[in-house]
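The values are calculated or read from the model by the stated rules, or taken from the named source; none is laboratory data. For clarity, every value in this text was computed on a predicted model and none was experimentally measured. Cβ coordinates were reconstructed from backbone atoms using ideal geometry, including for glycine residues, and neighbour counts include every protein chain displayed. Calculation scope for accessible area: heavy atoms of the full protein, side chains included, ligands and nucleic acids excluded. Shrake-Rupley method; radii C 1.70, N 1.55, O 1.52, S 1.80 Å.
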Amino acid sequence: MSRELRDRAERTAHGDRPLRVLALETSCDETSAAVVEGRGDAVALRSLVILSQDVHRLFGGVVPELASRAHLTSVVPVVERALADAGLALGDLDAVAVTHAPGLVGALLVGVSYGKALAFGAGVPLVGVHHMEGHLFATALEHADATPPFTALLVSGGHTLLLDVAAWGAYRLLGATRDDAAGEAFDKVAKLLGLPYPGGRHVEALAREAASTGDAAAAAAAARHRFARPMLRANQTPDDPDYYDVSFSGLKTAVLHAVRRAEAAGALDDGERAAIARGFQDALVETLVEKTFRAARQHGRTRVVLGGGVACNGALVAAMRRRLEPRGAAVFAPTPRLATDNAAMIARAGLFRLERGDVADLALNAYASRPIPGLAR
């Protein structure tokens, strides 16, 4: 970064007027742009545009090359719409933030490259943002009390992370998935049950059908499909390496065997599929809730913040509140618009980084995998 831009970033960070940050998010299959305005934790969302790529449903998963090409054709109109909705021009901005890790490298490069050009053209600082740090900030845009210190559960298609957040930028990793992420497990189970991609909301809807059916056949099916809670035992202690970690590959395999047994018996009807979906979701949700409860209790946190696409799951949010709220902990979850991949969370995290002076230069690159800044074990 040039000395002129670095000096501008320094003056911006230490001023007192509200800051305006435009952000881009292109880590996977959503092209998104947003503008936020404010300082500290007093931040307002001025605009948010999200364009989802439906083409991947034909293939049952995201095709990286198609995602990159779609971002190329979408990023300019999406950014223009975000600025128009905010009633701003490029010259009104104080910084451009962009997701640069983790994600699909080709998709990330579209956003990073365009973000560099925007920042250079506007003569404002460029801020690189970690996608998962963005998820940490998302809920705070809707809930003023979703601020540190808190316990965070980030659950998405590619990540499952349990963090202790002492302050913005100071994160302690308590646990993570050892194999499949929670969202990935939902997608794979959906495929086994013949449901569309992405699978999370379809599995949840099918599981809800099983829960609402009160006849004896449904009860028997539910009893047959009560799956073990992976890596969750009553005798675990904080010194055990799996006290906070999760693993869903075995649960996914158990669902596979249940589906095959039902198929072999000619019994894989709608009721059986719903019971399997309910059994899977119950096992995954109970595991996540109990691990999060352990983290909040062990570290004395009275706030729990959920983030990531799986935070849209109503059963997860309801179970988390039933477990934690009677014990004095408030649970905050984002709406679906801010739970899934979006640029609003990137703009919010970018504003935080800008105020700290954490700005990038035009050598900023994209990375498929990288730890969250400020993360410690």
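Is it the case that some residue within the stretch 333-352 is touching a residue at least 60 places away in the same chain (Cβ under 8 Å), out of contact with any His (no Cβ under 9 Å at 6 or more places or on another chain) and among the basic types (Lys, Arg)? Yes; the residues of the stretch 333-352 include at least one that is touching a residue at least 60 places away in the same chain (Cβ under 8 Å), out of contact with any His (no Cβ under 9 Å at 6 or more places or on another chain) and among the basic types (Lys, Arg). For VAL289, the conditions (1) touching a Leu at 6+ places or on another chain (Cβ under 9 Å); (2) among the β-branched types (Val, Ile, Thr); (3) modelled with pLDDT under 95 are fulfilled apart from (3). In the stretch 52-70, the count of residues that are part of a loop (DSSP other than H, G, I, E, B), over 21 Å from VAL359 (Cβ atoms) and polar (S, T, N, Q) is one or more. Of the helices (runs of 4 or more DSSP H) lying entirely inside the stretch 156-275, those containing at least 1 residues that are among the hydrophobic types (A, V, I, L, M, F, W, C), surrounded by 19 or more Cβ atoms within 10 Å (Cβ to Cβ) and without any contact (Cβ under 8 Å) to a residue 60 or more places away in the chain span 182-192, 216-224, 249-264. Give the residue, chosen from ASP92, ASP85, that is over 22 Å from GLY123 (Cβ atoms), open to solvent by 10 Å² or more (accessible area, probe 1.4 Å) and in contact with a strand residue (DSSP E or B) (Cβ under 9 Å, 6 or more places away or on another chain). Residue meeting the stated conditions: ASP85.
Looking only at the stretch 111-125, decide whether some residue is closer than 28 Å to GLY200 by Cα and buried (at least 24 other Cβ atoms within 10 Å of the Cβ). There is at least one residue in the stretch 111-125 that is closer than 28 Å to GLY200 by Cα and buried (at least 24 other Cβ atoms within 10 Å of the Cβ).
A residue that is modelled with pLDDT under 95, out of contact with any Leu (no Cβ under 8 Å at 6 or more places or on another chain) and either open to solvent by less than 20 Å² (accessible area, probe 1.4 Å) or not in a strand (DSSP E or B) (or both) cannot be found anywhere in the stretch 44-51. With the condition kept exactly as written, say whether any residue in the stretch 14-24 is assigned to a helix (DSSP H, G or I) and modelled with pLDDT under 95. No, there is no match, as no residue in the stretch 14-24 is assigned to a helix (DSSP H, G or I) and modelled with pLDDT under 95. Pairing residues of the stretch 55-68 that are basic (Lys, Arg) with residues that are part of a loop (DSSP other than H, G, I, E, B) and surrounded by fewer than 17 Cβ atoms within 10 Å (Cβ to Cβ), at Cβ distances under 9 Å and at least 6 apart in sequence or on separate chains, gives ARG57/PRO196; ARG57/TYR197. Count of the stretch 126-146 residues, restricted to those that are open to solvent by 10 Å² or more (accessible area, probe 1.4 Å) and over 21 Å from PRO102 (Cα atoms), is 6.
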